[in-house]
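Taking it in order: structure first as structure tokens, then the write-up.
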Amino acid sequence: MAFARDVYTATSSQTDFTITFPYLTEVDVLVTVDGALKTQGSSADYIFANATTIRFNSGQTENVTVVLTRSTSRSSRLVDYTAGALTEANLDNDSLQAFYMAQEAIDSASIRLGLDTSEEWDAETKPINNVVDPTADQDASTKKYVDDTVTTALIGTLPTPISIANGGTASATASAARTALGLAIGSNVQAFNALLGDIAGLTVVEGDILYVDSSGDIVKLAVGTNGQHLITQGASNPPAWATASTGPAQAVQSAIEAETNQDTYVPPDLLNFNPGVAKVWVDFQVDGTVDAMRNVTSVTDTGTGDWTVVIATDMSGTAYAAVAGANPQSASARNNSFGVISKLGASFRIVGEHGAGSPTDPASGNINAVAFGDQA
């Protein structure tokens, strides 16, 4: 904090500036604008509007720096002691002159170039003015000295245009420079597009979806939850995540057999429960050897014209339809008949008879049987 120094950045046309420090006489207050000392007087630069206000005769330019500084006389004493009585005012003025000069010396030191905590000169981000041209290797250089010294005499004459090898673009225009550097817009690099700015401004994670909204901007649909699927909602509506429906339930055996509950589905392994599907079928030889079948464990030849078919998955009871037959191989065989008797849930019996009523096997070929109904 300064004891006797006020620094202001002027606003446009500002005239009045406040003096915050005490002083002995008006001539002790110095006024500068951007470093230039100003003169007091009604026909000069400023006047004292009152004891604490400097008033410029014309408004200041915006952003100029106005500095008010106290500079107490260092050459003339305000009090000269002589023989006789001393007054309080004499003592005060004499003391204040010394006190004010001490404050001003502190202020002056605080705005001078000084050493920082690392013992290095610190200009505190301020420009350094009035530096002479350097003569020794380690002297400081001014901008003007460098500008004047670094000339073509030192760096030579640069080619026009500067080649790419020498750090240039080998081009005379911006468009040619982009082409020479492999940065041609539309060929090597993407031209500016506001949508790219939209994307750059988004923070996305794995699973996020980007889409164009009704305003033409690219926006983000945050990742959905496990099992959701993406749906569109028509023009002018954003896409959305939706939870998939579970779909129809799987049909059970009883519903398939009764052909009820049509809002279910029948998987392949349950199709055999449909009333129109054969639950048992078999093609076997006279000795019971099975050539082809479904849901049959075995066929047993129990005698001439007599076979027992053992069912793998039982029928639900005896109320089912079963038929058998054999291919006739001769005219006499056409009088043979084959049928099913003794139906059980786990098996049924097939018999063959000649037209005369005696048991018979087919002369050749296989016996076939099929059964329809509900299974257990």
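Give all pairs with beta carbons closer than 9 Å in which a residue from the stretch 227-248 that is under 19 Å from Asp208 (Cα atoms) meets a residue that is modelled with pLDDT of 90 or more and of a type in the set (D, E, K, R); count only pairs at least 6 apart in sequence or on separate chains.
These pairs meet every condition: Pro238/Asp213.
Against the condition at pLDDT 85 or above, of a type in the set (S, T, N, Q) and exposed (fewer than 10 other Cβ atoms within 10 Å of the Cβ), how does Thr135 come out, does it pass?
Judged against the criteria, Thr135 is a match.
Kindly establish whether Gly207 is more than 30 Å from Thr246 (Cα to Cα), not hydrophobic (A, V, I, L, M, F, W, C) and not assigned by TED's automatic domain parsing to the domain that holds Thr246. Full working, then the answer.
Numbers: more than 30 Å from Thr246 (Cα to Cα): no; not hydrophobic (A, V, I, L, M, F, W, C): yes; not assigned by TED's automatic domain parsing to the domain that holds Thr246: yes.
When the stated conditions are applied, Gly207 does not pass them.
From the residues in the stretch 30-82 that are of a type in the set (A, V, I, L, M, F, W, C) and out of contact with any strand residue (DSSP E or B) (no Cβ under 9 Å at 6 or more places or on another chain), which one is farthest from Asp107 (Cα to Cα)? It would help to see each step written out before you state the result.
The initial filter retains those residues of the stretch 30-82 that are of a type in the set (A, V, I, L, M, F, W, C), namely 30-31, 33, 36-37, 44, 47-49, 51, 54, 56, 64, 66-68, 78-79.
The next check asks that each one be out of contact with any strand residue (DSSP E or B) (no Cβ under 9 Å at 6 or more places or on another chain); those that pass are 36, 44, 51, 78-79.
On the way: Ala36: 19, Ala44: 28, Ala51: 21, Leu78: 22, Val79: 24 Å.
Only one residue fits best here, namely Ala44.
Scanning the stretch 188-215 for residues that are of a type in the set (A, V, I, L, M) and under 14 Å from Pro239 (Cβ atoms), which turns out surrounded by the most Cβ atoms within 10 Å (Cβ to Cβ)?
It comes out as Ile209.
Pick from Asp107, Asp116: which is more than 25 Å from Leu30 (Cα to Cα), in contact with a strand residue (DSSP E or B) (Cβ under 9 Å, 6 or more places away or on another chain), among the acidic types (Asp, Glu) and at pLDDT below 80?
Residue meeting the stated conditions: Asp116.
Being within 16 Å of Asp6 (Cα to Cα) and under 51 Å from the mean Cα position of the chain (by Cα) narrows it down to one of Thr52, Thr65, Thr72, Thr125, so name that one.
None of the other options fit; the residue is Thr65.
Would you pick out the residues in the stretch 292-303 that are part of a strand (DSSP E or B) and either among the hydroxyl-bearing types (Ser, Thr, Tyr) or within 17 Å of Ala371 (Cα to Cα) (or both)?
Hits for the stretch 292-303 are Ala292, Met293, Arg294, Val296, Thr297, Ser298, Val299, Thr300, Thr302.
Suppose we filter Gly276, Gly247, Gly288 for residues that are part of a loop (DSSP other than H, G, I, E, B), surrounded by 12 or more Cβ atoms within 10 Å (Cβ to Cβ) and touching a strand residue (DSSP E or B) at 6+ places or on another chain (Cβ under 9 Å); which single one remains?
Just a single option satisfies the conditions, and that option is Gly288.
Select from the stretch 81-103 the residues that are loosely packed, with under 11 Cβ neighbours inside 10 Å and not in a helix (DSSP H, G or I) and list them in ascending order.
If the condition is that a residue be loosely packed, with under 11 Cβ neighbours inside 10 Å and not in a helix (DSSP H, G or I), then Tyr81, Thr82, Ala83, Gly84, Ala85, Thr87 are the ones that fit.
Among the residues of the stretch 261-273, which ones are assigned to a loop (DSSP other than H, G, I, E, B) and either closer than 19 Å to Phe372 by Cβ or in contact (Cβ under 8 Å) with a residue 40 or more places away in the chain (or both)?
Residue satisfying the conditions is Val266 alone.
Arg178 fails exactly one of the following numbered conditions: (1) touching a strand residue (DSSP E or B) at 6+ places or on another chain (Cβ under 9 Å); (2) modelled with pLDDT under 85; (3) part of a helix (DSSP H, G or I). What is the number of that condition?
All conditions pass for Arg178, except number (2).
The values are calculated or read from the model by the stated rules, or taken from the named source; none is laboratory data. All of these numbers come straight from a predicted model, not from anything done at the bench. Note that each Cβ is placed from the backbone with ideal geometry, even for glycine, and that neighbours are counted across all protein chains shown.
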